[in-house]
1. Quick check on the stretch 19-46: of everything there that is among the basic types (K, R) and within 14 Å of P243 (Cβ to Cβ), which residue is least open to solvent (accessible area, probe 1.4 Å)?
2. For the stretch 233-284, name all the residues that are at pLDDT 95 or above and basic (K, R).
3. Only one of I369, I361 is aliphatic (A, V, I, L, M), without any contact (Cβ under 8 Å) to a residue 12 or more places away in the chain and in a helix (DSSP H, G or I). Can you tell me which?
4. Listed residues S294, S249, S267; which is of a type outside the set (A, V, I, L, M, F, W, C) and within 21 Å of A407 (Cα to Cα)?
5. With respect to Y62, determine if the residue is open to solvent by less than 40 Å² (accessible area, probe 1.4 Å), of a type in the set (F, W, Y), out of contact with any His (no Cβ under 9 Å at 6 or more places or on another chain) and over 19 Å from T418 (Cα atoms).
6. Could you look through the stretch 266-281, keep only residues that are assigned to a helix (DSSP H, G or I) and under 17 Å from T382 (Cβ atoms), and pick out the one that is least open to solvent (accessible area, probe 1.4 Å)?
7. Under 6 Å between Cβ atoms, at least 6 apart or on separate chains: pull out the pairs that start in the stretch 181-197 with a residue that is small (G, A, S) and end on any residue that is modelled with pLDDT under 95.
8. Could you give every pair whose Cβ atoms fall below 7 Å, whose first residue belongs to the stretch 508-526 and is without any contact (Cβ under 8 Å) to a residue 40 or more places away in the chain and under 19 Å from I543 (Cα atoms), and whose second residue is of a type in the set (G, A, S) and crowded, with 19+ Cβ neighbours inside 10 Å, counting only separations of at least 6 or pairs across chains?
Amino acid sequence: MNHSAPGAASQMSDIELANLSRTIDYSGIRSIPEIWAIVKQRFPQTVALHDPHTTPEIKLTYTDLYQQIQQFASGLQALGINPNPTDTIPPRVALFADNSPRWLIADQGIMTAGAANAVRGATADPEELLYIIQDSGSTALVVENLALLKKLQARLPDLPIELIVLLSDEEPETSLTLTTVKFSQVMATGANRPFKPANHNHQTLATLLYTSGTTGKPKGVMLTHGNLLHQLTTFGTILQPEPGESALSILPSWHAYERTVEYFLLSQGCTQIYTNIRYFKQDFKTCKPQYMVSVPRIWESIYEAVQKQFREQPPKKQKLVNFLLSASQQYIEARRIFQGLTLNLKPASDSEKLIARIKSILLSPVHAIAEKLVYQKVREATGGRFKWAISGGGSLAAHLDNFFEIANIGLLVGYGLTETSPVLTVRRPWHNLKGSAGQPIAHTEIKIVDPETKQQLPTGQRGLVLGRGPQIMQGYYLNPQATAKAIDSEGWFDTGDLGWLTLGNDLILTGRAKDTIVLSNGENIEPQPIEDACVRSPYIDQIMVVGQDQKSIGALIVPNSEAVQKWAETQNPPIHEIDWNSKKIQDLFRQELNREVQNRPGYRADDRIGPFRLIQEPFSMENGMLTQTLKIKRPVVTEHYRDMIDGMF
């Protein structure tokens, strides 16, 4: 189901073609593993992977990385992972581990050996991991450590697993009936065996990434080498990293977004530095990176840390900082107008541009003072050499977009899904339109259609976002019905998101047609199971979970007034007149929400409901908030209570 984008697809501009000419050309390769021999030859002694948080810390050059990938691949082949030339799909190897140099060696070793991997993080629910093994038909399992293996081992004999590899150097337990080896044993085996090259091409399955389904089981997204290579060979139109520059890696390496950007930066001879939530602010200062792949939550935490420092200043200094920030805000808003970087469908007139130009000139001395007194210090927190971050996995709040533009910290926003490998659109450094998700990347088409009729809508009109291009997945593994629902006969993928296009072809996202809520840390939350758990409370009549792009989910609750009244009469002293905003009533609902959510199967910390509001008007067909089958019309409710929802967060 791979479709090349036709002539209407986003073609490269002169700027993009010039940018691409400044990066290493990989357009002639057929698979991801071919990168490593090329980059080893060009940068043999450049550090590829650096993990400063291990003892001793790990530094692997491109020569080391290439050799270890080849060795791991040879070891897997010796242990029985060998593709059959007649098979249309390569053998699958489940890889359940978190960020580390060994993750990349395993990931690329599996592909180099001729297999495809089915990936997930080590902290996922064991039931989900067992389902992935079963659904993918994986015959081998590469697992982070013994602790995770113990959670899975009782069920492994019932699955097609024949080989287990521990990425740690722990000794496998003798009680295991399946062949189990540790990382060093695979490497030793591979060192003494000739490597048999795999015969991959653009259509060969590279990886299976499982999405969390709204109902039923997760679906395996089939990404081919061609899908991933489209991303790797087009990112150079946006960024041109220099060999030896570094990038902080904080998102899960198995995630499509982090993974494809990692492949790209490594293909250009950069150094990847592993960090985590605990250390990333410190690593910014000590490692002084040029790049980072991030989710909005990272920038929220940096912003909050800066704001905390501002609040700790003496009152007079706080007043000065607030004045400077306000002046700079006006300065960047004026600058956007004369640069043509505003979201208005109607471009600014010549007179409006002239007024904005004059305003920016008048404000520029104040902005320059603020730059020296305040923003320079903010940039020092990122190490002082930072060039660009690409933020994805949810839209960036306007106040963050504004603040980092004021502080001159390069922040681009991209958009896509696992099914699109993942990038469909991204802002350009020379066209960084705030509030947008950017323009389509090369060879990619975006169109907006009516959600019901699927007819294309004119520029500026909101509808369902469809995408088409070489990065669209091959389909959902062994699930042709779901594939046909997601990708039409012309190759258009239904993103499930709502948005509109500007005259400049920038995508503006306005909401989700499907129910999934994406938090600012990139976590996907399915509201229905949480809502189903909450309405078990006798005091909750109806509930709608909200929180798109927020730190936590919240809820709009229609209380069961009768049940609450009865509860109120049992209190000491009895409550005769209910004040819905009183502490007692709020505490009652907080207690109910916490209990019901935490008691539901598969509870995760991100499922906890943060802020909530009690509303007295039930959702009904009469007020247009329920469908005829009594389902809540989320977009209608969200729009109706927009101010209340915004106020919660």
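The values are calculated or read from the model by the stated rules, or taken from the named source; none is laboratory data. Note that the coordinates shown come from a computational prediction; the quantities given were computed from them, not determined experimentally. Glycine gets a Cβ as well: all are built from the backbone with ideal geometry, and neighbour counts include every protein chain shown. Side chains are part of the model used for accessible areas, which takes the heavy atoms of the whole protein and leaves out ligands, DNA and RNA. Shrake-Rupley method; radii C 1.70, N 1.55, O 1.52, S 1.80 Å.
1. Applying the filter and picking the extreme gives K40.
2. R259
3. Among I369, I361, only I361 is aliphatic (A, V, I, L, M), without any contact (Cβ under 8 Å) to a residue 12 or more places away in the chain and in a helix (DSSP H, G or I).
4. Answer to the check: S294.
5. yes
6. F280
7. S184/D169
8. Pairs found: I517/G547.
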